[in-house]
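Chemist: I have a structure I would like to understand better, so I am pasting it below and will then ask my questions one at a time.
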Amino acid sequence: MKKTLRFSAFTIVNGFIMTLVVLFTLYPFVYLVAQSFSSEAAIYAGKVSFFPVEFTTRTYEIIMSKPDFFRYYGNTIFYSVLGTFIAVAATAVMSYPLSKAKLRLNKIVIPFVLFTMYFGGGLIPNYILVAKTLGMRDTVWAIVIPGAISAFNVILMKTFFANIPNELEEAGRVDGLDVFGIFTRIILPLSKPIIATITLFVIVGMWNNWFGPSLYLQSKEKWPIALYLKQIIDNAVSPTEIGAASEETSQIAATVKSTAMVLTSLPIICMYPFVQRYFVQGMMIGAVKG
């Protein structure tokens, strides 16, 4: 009886605490959504909290009516898909050999991988390397190649690979598979959780990336949606600042930031439920074991 009462008390307290955590986590996004559908006057008056006040979709209509809006969204989808494929493939190819303790060079390579987690060349050397030395300025490769391999992702995937039983690889060799066949037919199919985890990490970074494109992309038609929405935010003028702002700009100034954030984050939020199961499993196995 005492154990049952203790368990019930723990369940109630734990449920209450987790509910508070969920509410505190969701509130900022709910607030942004409410702001994006509220009128400017209601926002300045501080009336917006959980629900829109004086509901309006004017800001969405103004932003999405721009002729280049969907082209920028298409650019982002292209960069995200291509960049994620390159990053996940390169990370897997690099992580698999590092997961083999019997390879002597791993004792030299792994410290170099860890070194890059704490030290980098800096912004100016990276810019010179990408734009000048490699000649990738104003190309898609300047967006998807730099940063394709993350040391954190490599260590995470390496740890996952190291926990796959060696007996499976030995069975593959008995069946006549070479190293490439074992990797593609045995290791990768068993690595869906960690691949989903790395995919989510990379695609979120690629989708929200605006700084790299602002450095390397000269042609405006190649911009991703994040950079385009940042420009809208920078150009939005508050009525309190006066000046020669147009009526359209002043009307959306109060809601443009929240609207831009909603438009940027909504696709990722919609995708997350489909990979959540693999994400949790991959994080637990790749980060705890080993």
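Chemist: Treating each Cα of the range 1-135 as an identical point scatterer and ignoring solvent, apply the Debye formula and state log10 I(q)/I(0) at q = 0.09, 0.12, 0.16, 0.18 Å⁻¹.
Modeler: Those come out to -0.73, -0.98, -1.01, -1.07, one per q.
Chemist: In this model, which of LYS222/LYS257; LYS192/LYS257; LYS107/LYS132 are farther than 26 Å apart at the alpha-carbon?
Modeler: Result: LYS192/LYS257; LYS107/LYS132 exceed 26 Å.
Chemist: Restricting attention to the range 40-126, which chymotrypsin sites (Phe, Trp or Tyr not before Pro) occupy a DSSP loop and are surrounded by at most 11 other Cβ atoms within 10 Å?
Modeler: Hits after loop and neighbour filter: PHE50, PHE55, PHE119.
Chemist: Moving on. Please give the helix 106-118 orientation as an angle from the longest Cα principal axis of the chain, in degrees from 0 to 90, rounded to the nearest 10.
Modeler: Approximately 10 degrees, to the nearest ten.
Chemist: Another one. Counting Lys +1, Arg +1, Asp -1, Glu -1, what net charge surrounds GLY46 among other residues with beta carbon under 14 Å of its beta carbon?
Modeler: Around GLY46, the charge tally is -1.
Chemist: Using a 10 angstrom cutoff on alpha carbons, build the Gaussian network for the chain and name the most mobile of GLY147, GLY172, GLY15.
Modeler: GLY15
Chemist: Further, regarding this structure: Once both labels are modelled 7 Å past Cα along the beta-carbon direction, what's the SER49-PHE112 spacing in nm?
Modeler: 5.8
Chemist: What whole-number distance in Å separates the alpha-carbon centres of the range 44-84 and the range 109-168?
Modeler: Cα centroid to Cα centroid, the span is 31 Å.
Chemist: Another one. Work out the FRET efficiency for ILE128 and ALA101 from their Cβ-Cβ distance, taking R0 = 35 Å, and round it to the nearest 0.05.
Modeler: It comes out at approximately 0.40.
Chemist: Can you tell me the relative contact order of the chain? Whole percent, Cα pairs under 8 Å, sequence separation 6 or more.
Modeler: 28
Chemist: Moving on. Apply the a/c threshold of 1.5 to the C-alpha gyration tensor of the range 105-165 and tell me whether it is rounded, prolate or oblate.
Modeler: Cα axes put the range 105-165 in the prolate bin.
Chemist: Remind me, relative contact order of the range 1-56 in percent, using alpha carbon pairs under 8 angstrom and six or more residues apart?
Modeler: The normalised contact order for the range 1-56 reaches 28 percent.
Chemist: Using a 10 angstrom cutoff on alpha carbons, build the Gaussian network for the chain and name the most mobile of LEU114, LEU263, LEU227.
Modeler: Result: LEU114 has the largest fluctuation of those listed.
Chemist: Assign one of three labels to the chain, namely rounded, prolate or oblate, based on the Cα gyration tensor with a ≥ b ≥ c the square roots of its eigenvalues; rounded applies when a/c is under 1.5, prolate when it is not and a/b is larger than b/c, and oblate otherwise.
Modeler: Here the chain falls in the oblate category.
Chemist: Most mobile of LYS222, LYS47, LYS257 per a Gaussian network model of the chain (Cα springs, under 10 Å)?
Modeler: LYS47
Chemist: Further, regarding this structure: At 222 nm, what helix-only mean residue ellipticity would the chain give, in deg cm²/dmol to the nearest 500, using -39500 (n - 2.57) for each DSSP H run of four or more?
Modeler: -21500 deg cm²/dmol
We did not get these values from a lab; they are worked out from the coordinates using the rules stated. Predicted, not measured: the structure shown is a model, and the values here were computed from it. Virtual Cβ from ideal backbone geometry, glycine too; neighbours counted across all protein chains shown.
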